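The values are calculated or read from the model by the stated rules, or taken from the named source; none is laboratory data. Predicted model only: the values in this text are computed from it and were never measured. Cβ sites come from the backbone with ideal geometry, for glycine too, and all protein chains shown count toward neighbours.
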Amino acid sequence: MAGLVILRGYRHLNNTIVLYGCAMTRLQWGATLWILGMLTLPAQALAAMLWPQGYSWGSNFISDLGVTECGTFDAGTRVERYICSPGHVLANGSTIVNGACLALGAVLLWSAWPRARTGKVAMAFLASGGLLVMLVGFLPWDVHPEAHDTAALAQAAMQWIGMILLVFALRRNTDVGRAALLTGMSVLVSIIGFALFVDAISGGPALMLGVGFTERIAFDTLTLWGAAVGFILLASTRRKA
């Protein structure tokens with residue numbers, strides 16, 4: 001991390017104390033924002049509780065929570081379902097906040113990685129992914145279905161690429177080695193979940209697991225990953241302080 005590099009000068013030059021403090025403060029803010037992105041999950045749970053006929057975590061999509069009208073959707077298909085989400089503003093708003101936390105956190109963590117060049121490219125992809133998450137929230141599925149789905153797919157791809165690059169940016173660093181392992185495992189789980197999600201939509205064997213469950217493996221894993229890495233970074237700064 002940039003802070004860790006500055007730490008080497010901390011032992012010799014008094015004026016580097018200020019620089020080190022600033023670097024760590026910036027890192028802490030970025031890590032905290034990634035942790036706060038996880039608040040979208042309880043917000044979704046609250047929105048689901050407001051459904052008059054009940055929200056199915058297995059049969060309903062994540063996007064159903066943000067649908068602005070009540071009615072039957074995807075009629076005649078394997079995923080036909082009735083949607084009525086009085087808490088759609090909460091669901092969409094939490095998605096926007098989640099994306100903003102990911103994007104702004106990536107900007108603050110821009111140069112906070114052992115392999116600076118690779119880390120910066122990784123943060124660029126993750127920041128782009130965050131902006132796309134915000135776009136998903138701004139485009140409810142029932143109002144802008146194609147744009148909503150396109151933004152969601154692009155977000156997943158951007159975040160996968162950013163996370164894979166981050167694994168390389170963290171290589172051979174013992175301070176945050178857990179973050180590298182966690183990141184690699186999270187990418188793998190998310191991609192597997194996405195493949196199951198596509199299979200479920202197509203009526204394949206994964207449909208038995210439920211489209212909602214497989215979708216959450218694909219996308220909620222990314223949210224939980226950001227929070228987990230945020231906690232690891234904060235713990236690392238406390239050790240170095």
Is it the case that segment 143-154 has a residue that's assigned to a helix (DSSP H, G or I) and of a type in the set (Asp, Glu)?
yes
For segment 208-217, check the following and say yes or no: at least one residue is of a type in the set (A, V, I, L, M), at pLDDT 95 or above, within 19 Å of Gly129 (Cα to Cα) and assigned to a helix (DSSP H, G or I).
yes
Determine which member of the set Gly184, Gly162, Gly137 is outside any loop (DSSP other than H, G, I, E, B), closer than 20 Å to Gly30 by Cβ and among the small types (Gly, Ala, Ser).
Gly162
Verdict on Leu209 being touching a residue at least 12 places away in the same chain (Cβ under 8 Å), under 22 Å from Arg78 (Cα atoms) and surrounded by 16 or more Cβ atoms within 10 Å (Cβ to Cβ):
yes
Segment 40-55, subset modelled with pLDDT of 95 or more and part of a loop (DSSP other than H, G, I, E, B), residue farthest from the chain's Cα centre (by Cα)
Pro52
Which numbered condition trips up Thr118, out of (1) surrounded by fewer than 22 Cβ atoms within 10 Å (Cβ to Cβ); (2) under 19 Å from Ala218 (Cα atoms); (3) polar (S, T, N, Q)?
(2)
I want to confirm something. Restricting to segment 58-96 and keeping residues that are of a type in the set (Val, Ile, Thr) and surrounded by fewer than 13 Cβ atoms within 10 Å (Cβ to Cβ), which single residue is modelled with the highest pLDDT?
Thr72
Subset of segment 98-149, residues farther than 27 Å from Gly71 by Cβ and among the β-branched types (Val, Ile, Thr), comes to Val107, Thr118, Val121
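Rundown of residues vs (1) modelled with pLDDT under 95; (2) touching a Leu at 6+ places or on another chain (Cβ under 6 Å), yes/no style:
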residue: Gln155; (1), (2): no, yes
residue: Leu165; (1), (2): no, no
residue: Ile191; (1), (2): no, no
residue: Phe194; (1), (2): no, no
residue: Pro205; (1), (2): yes, no
residue: Trp225; (1), (2): no, no
residue: Ile232; (1), (2): yes, no
